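Q: Below you will find the structure I want to go over with you.
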Amino acid sequence: MKPLFTMILVILAATALLAQPDLSYYLPTQVQYNPAIPTPKSVIGHEVGEWHVTHDKLVYYMKALDAASDRITLEETGHTYEGRPILLLTITSPKNHQNIESIRQQHLQLTDAARSAALNTKDMPAIFYLGCSIHGNEASGANAGLLMAYHLAAAQGPEIEKYLESTVILFDPSFNPDGLQRFSSWVNSRKSKNISADPNDTEHNEAWPGGRFNHYWFDLNRDWLVAQHPESQARVKKFQEWRPNVLTDHHEQGTNATFFFMPGVPSRVNPITPDKNQELTKKMGEYHAKALDQIGSLYFTQEGYDDFYYGKGSTYPDAQGSVGILFEQASSRGHAQESVNGILRFPFTIRNQFVTMLSSLKAINEMREELLNFQRDFYKNAAADAAKDPIKAYILGSKDKARLHHFAEMALRQKVDVYKVPATQTINGKTFDAESSLLIPMNQNQYKLIRGMFDKQLKFKDSIFYDISSWVLPLAYGLEYEEVKTPPALGEKITDLKKPVGKIIGKGDYAYAFEPYGYYTHRAMYRLLNNGVRIKIATEIFYAEGKKFERGSVLIPVDGQDRIPAQVAVMMKEITEQDGIDVYALNTGLDYRGVSLGSSSFTVLRKPEIAILVEGGISPTDAGELWHLLDTRYNLPVTLLPISILNSGSIARYNTILVPEGNHSAITDAGKEKLKTWVQNGGVLIGFERALTFFTTAGLGKFDAKKEEDQSAGKKEATKPKPYADMDEIQRAQETSGAIFEADADLTHPLLYGYTSTKIPLFKANNLFIQKAPGAYANPLVYGSNPLTSGYITKSNLDKLKNTSALGTVALGRGRVIGFTENTAFRAFWFGTNKMLLNAIFWGNTISAEASR
């Protein structure tokens, strides 16, 4: 009987392990909790980890804690695209709450080299920014946040009192509310009573686009530096208001992994980041290791992940005197899933995240003075480095005031000081007009971050990157800029950035015209077309009222419109106010220096009716970038067209279809034939990156890959032996993860109307190399013999890239197929190539067949 009794106990114990854990599974056993503070279950209706918490329930619980605890102050820092609140809980002792603004102001003095020496860091609290689940389907972080918030509000005893007295915790329980809601809805609605751990179960296989992304399918963990989205703008604002000592960022990774914590690969640290940052990261790692050892969880560090791109949450702080820490928990992607390490259950993943939240709090408190002193020294050293830097400032300018405005907007979000230019000046042959230029001096406390925005890099310690290898922001925005080598005279400091506004120039009532340079030119054009106004594009230079108008300028005749002249005049005023464009009111169509306004060289434009292919193997981020660009910036209605509808339904209502990067194998033969017939009937098909390969194989265009050069005597050189252990790194080093290249542009080509320089920086994140077309007019944008501007690419791939095409068109019947080898809307911050895409949408159908590939 005794062996049977023992076996029953073992079975009962195993059953208990499989049962839904309560708070005792997660919380420290030696800590007492205040019964007046509501537990998560009492508010959200289930135990932590029993279901995936939905964002609305997460908000309810955080508000309940705010109401119940004098340790917590909750604020809504913004709202997502879908209207969900973005929360930040400030958690500290009641005494600190009474003096919270003075604590913040004193802490910011650490970033001021002129004032920080007088601070006594022994008496200052550390600032800890704790954030969860920036990828919505990496939900263990946000669910662990329920436990952390409860612990900080309810735990009792001298340890927690000391921690709260010595720390101000800025807690964001969900960096990505829309993604978290999408994912929780998916897995909760597919959860069985008897949980399925089968990886094939629908619970573990999200529908496209998945819950990782925000509303427009952006990866928000690439947006910290440029902050193009409301979620990023809300958290960056709070980061800059506090400049925390540590920011922790809780993620998930593949199901068959274990648990990762920083530091990452030592050779993949951004050179701007000081060595001391990595020393502190390692020291904190010892606390995480000890905490995970105590609960028997496996982990790894210093492999797989890196600290290079400042747009990631765990690297962004490193250029600002803070320490960023990435945590990556193996993901159950649901409630339980089989893995090589056994069945991975959601509560287990939550516990690991919670344990490392606690170890972070402990490390920050025990390293408090060291972290505070490091931050002070960081800014002192930055000031000294700025004084020695031969570059004293950057000057930036553009004929397009909107892009310059958006650059200043981005810089000011990061607390970079921006100034007007006091007078027009010429540097290295470039003229920077006082009205359309800006100055950014290097002698300011964000010196390191400014370098992170402007530095070009061609030499690297490593050849593998977790993300992109370069992101020079003035190039991304398509701005003219130069280094200033002597301390510049500064104009007015910009503190209240105002949106550019255009004006009506002239008093004529014969026609209106505006130039093609403005970023929002196409938005203005669509508004006119949508209101039934006939507009024309200039394909030749013309003069009016003594002014030269380049190709791509827009002409609006007053006579012959369906709108009366007074209505047209109101629309012109709207363009100046809403789009920041100067509009010229012309009183005659004659000027002998160029074509007359009645010339047939002016092309009438049709209103775009746009669809973007989605689902199947289409990249959600690439499709989302196009959707976001057209929808939010240009106010262009778009249809998100599933590939299944393309295959089976009608596409006759569209005149423009965009095919994003991705795998296009889901497009059937019937779908291909439908596209071909549609183009032949006048449609414009626009593709990006691997869509060009699809066009070629589907018979929609000829975008052939560059052929390999033959080896001597037609024989390939024998492959040299290499160590097996190096195989993965050697193969990954061949990837072009994201670098900047210069292309030579034909500014007379319709797709490049509105550009002012024949050298255009392109962002390339692929190994697609397209042969130049044989036609004399078929290569409007090509890479030359020395295209690399900044970033990493292997020598062999660089050689392949040289003298290849970046853009081409194919005439197919009455329609056109247009191919871009690169992403023209990369991550919403590569403003400089947006115009060529919009040109393709608005007048791609007018390109001469003589320019076909």
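The values are calculated or read from the model by the stated rules, or taken from the named source; none is laboratory data. The model shown is predicted, which means the values in this text are computed figures rather than measured ones. Note that we place each Cβ from the backbone using ideal geometry, even for glycine, and neighbour counts take in every protein chain shown. For accessibility, only protein heavy atoms count, side chains too; no ligands or nucleic acids. Shrake-Rupley method; radii C 1.70, N 1.55, O 1.52, S 1.80 Å.
Q: What is the sum of charges, Lys and Arg at +1 and Asp and Glu at -1, for the other residues whose Cβ falls under 11 Å from the Cβ of VAL269? It would help to have the intermediate numbers written out before the result.
A: Details: positive: ARG268, LYS461; negative: ASP275, ASP306, ASP307, ASP318, ASP462.
Once positives and negatives cancel, what remains is -3.
Q: Moving to a separate point now. By DSSP, what percent of the beta bridges with both residues in region 441-589 are antiparallel, rounded to the nearest 5?
A: Working: 12 of 14 bridges.
Antiparallel bridges: around 85 percent, rounded to the nearest 5.
Q: Please list 673-684, 132-143 highest first by mean number of surrounding beta-carbon atoms within 10 Å per residue. Walk me through the numbers before you get to the answer.
A: Numbers: 673-684: 19.0, 132-143: 28.0.
Final packing ranking: 132-143, 673-684.
Q: Rounded to the nearest 20 debye, what is the charge dipole size of the chain about its Cα centre when +1 sits on each Lys and Arg Cβ and -1 on each Asp and Glu Cβ?
A: Details: 91 positive and 93 negative charges, 245 e Å.
For the chain, the charge dipole is close to 1180 debye.
Q: Place +1 on the Cβ of every Lys and Arg and -1 on the Cβ of every Asp and Glu in the chain, take the dipole about the Cα centre, and give the residue among LEU404, PRO787, GLY532 whose Cα lies farthest towards its positive end.
A: The residue sitting most towards the positive pole is GLY532.
Q: Now for a different question. Would you work out which of ILE195, GLY254, ASN270 lies farthest towards the positive end of the dipole of the chain, given +1 charges on the beta-carbon of Lys and Arg and -1 on that of Asp and Glu, about the Cα centre?
A: ASN270
Q: Which entry in (i) 36.5; (ii) 31.1; (iii) 29.4 is this structure's computed Kirkwood radius over Cα pairs in Å?
A: Computed from these coordinates, Kirkwood radius over Cα pairs in Å corresponds to label (iii).
Q: Let me ask another. In nm, to one decimal, how far is the SER599 label point from the LEU412 one, both placed 7 Å along Cα→Cβ?
A: 4.1
Q: So if each residue of separation counts as 0.36 nm, and I subtract the Cα-Cα distance between SER189 and THR697, what length gain in nm does that give? Don't skip to the answer; put the middle values down first.
A: Working: separation 508, 0.36 × 508 = 182.88 nm, distance 4.01 nm.
Result for the pair: 178.9 nm of gain on full extension.
Q: How much accessible area per residue does the chain have, counting only protein heavy atoms and a probe of 1.4 Å, in square angstrom?
A: Computed with neighbouring chains in place, this is 40 Å² per residue.
Q: Distance between Cα centroids, region 75-101 to region 766-837: provide it in whole Å.
A: Answer, in whole Å: 46.
Q: A further question follows. Helix-only estimate, please: 222 nm mean residue ellipticity of the chain, summing -39500 (n - 2.57) across DSSP H runs of length 4 or more and dividing by its residues, to the nearest 500.
A: Numbers: 25 runs with 273 residues, N = 853.
Mean residue ellipticity at 222 nm (helix-derived): -9500 deg cm²/dmol.
Q: Any idea how far the Cα center of region 264-316 sits from the one of region 118-153, in Å?
A: Centre-to-centre distance over Cα atoms comes out at 17 Å.
Q: In nm, to one decimal, how far is the modelled label at ASP726 from the one at ARG115, with both set 7 Å along Cα→Cβ?
A: Simple spin-label model gives 5.4 nm for this pair.
Q: Here's another thing I want to ask about it. Can you tell me the FRET efficiency between ASP123 and GLU75 if r is taken as the Cβ-Cβ distance and R0 is 35 Å, rounded to the nearest 0.05? Could you put the intermediate results ahead of the total?
A: Numbers: r = 26 Å, r/R0 = 0.75.
Efficiency, rounded to the nearest 0.05: 0.85.
Q: OK, next. Of the listed peptides 635-641, 323-329, 218-224, what is their order by residue-averaged count of other C-beta atoms within 10 Å, with the highest listed first? Each step should come with its number before you reach the end.
A: Working: 635-641: 16.6, 323-329: 26.1, 218-224: 23.7.
Per-residue Cβ counts within 10 Å, averaged per peptide and sorted highest first, yield 323-329, 218-224, 635-641.
Q: Between THR719 and SER785, what is the FRET efficiency for a Förster distance of 22 Å, r being their Cβ-Cβ separation, to the nearest 0.05? If you can, show how the numbers build up before the last one.
A: On the way: r = 28 Å, r/R0 = 1.28.
Efficiency computed from Cβ-Cβ geometry: 0.20.
Q: Another question about this same structure. For an R0 of 41 angstrom, estimate the FRET efficiency from the Cβ-Cβ distance between ASN766 and ALA36 and round to the nearest 0.05.
A: Values: r = 57 Å, r/R0 = 1.40.
My answer for the efficiency is 0.10.
Q: Taking the Cβ of SER644 as the centre, find all other residues whose Cβ is under 13 Å away and add up their charges (Lys, Arg: +1; Asp, Glu: -1).
A: 0
Q: Provide the gained length on full extension for the span SER796 to THR668, in nm with one decimal, where the gain is 0.36 nm per separating residue minus the Cα-Cα distance. Let's see the in-between values first.
A: Details: separation 128, 0.36 × 128 = 46.08 nm, distance 3.51 nm.
Extra length available between SER796 and THR668 comes to 42.6 nm.
Q: Hey, another quick one. May I ask which of LYS95/LYS499; LYS312/LYS420; LYS499/LYS702; LYS456/LYS499; LYS401/LYS707; LYS448/LYS764 have a Cα-Cα span longer than 32 Å here?
A: Values: LYS95/LYS499 42 Å; LYS312/LYS420 30 Å; LYS499/LYS702 43 Å; LYS456/LYS499 29 Å; LYS401/LYS707 42 Å; LYS448/LYS764 25 Å.
With Cα atoms farther than 32 Å apart: LYS95/LYS499; LYS499/LYS702; LYS401/LYS707.
Q: Tally Lys and Arg at +1 and Asp and Glu at -1 over the other residues with C-beta under 15 Å from the C-beta of LEU528: what net charge comes out?
A: It works out to a net charge of +4.
Q: Still on this model: Lysines within cross-link reach of LYS362: Cα-Cα under 16 Å, excluding same-chain residues under 8 positions apart?
A: LYS162, LYS282, LYS283, LYS290
Q: Further question on the same structure: Could you tell me how far the Cα centroid of region 594-619 sits from the Cα centroid of region 453-500, in Å?
A: Using only Cα atoms to place each centre, the spacing works out to 32 Å.
Q: If you roll a 1.4 angstrom probe over the protein chains with everything in place, what fraction of the accessible area of the chain belongs to carbon and sulfur, to the nearest %? Write down the numbers at each step before the final one.
A: Details: 16960 of 33890 Å².
Looking at the chain in its full context, I get 50 percent from C and S.
Q: Separate question: Say each of SER848 and ARG104 gets a label point 7 Å from the Cα, pointing the same way as Cα to Cβ; how far apart are those two points in nm?
A: About 6.1 nm separates the two model spin labels.
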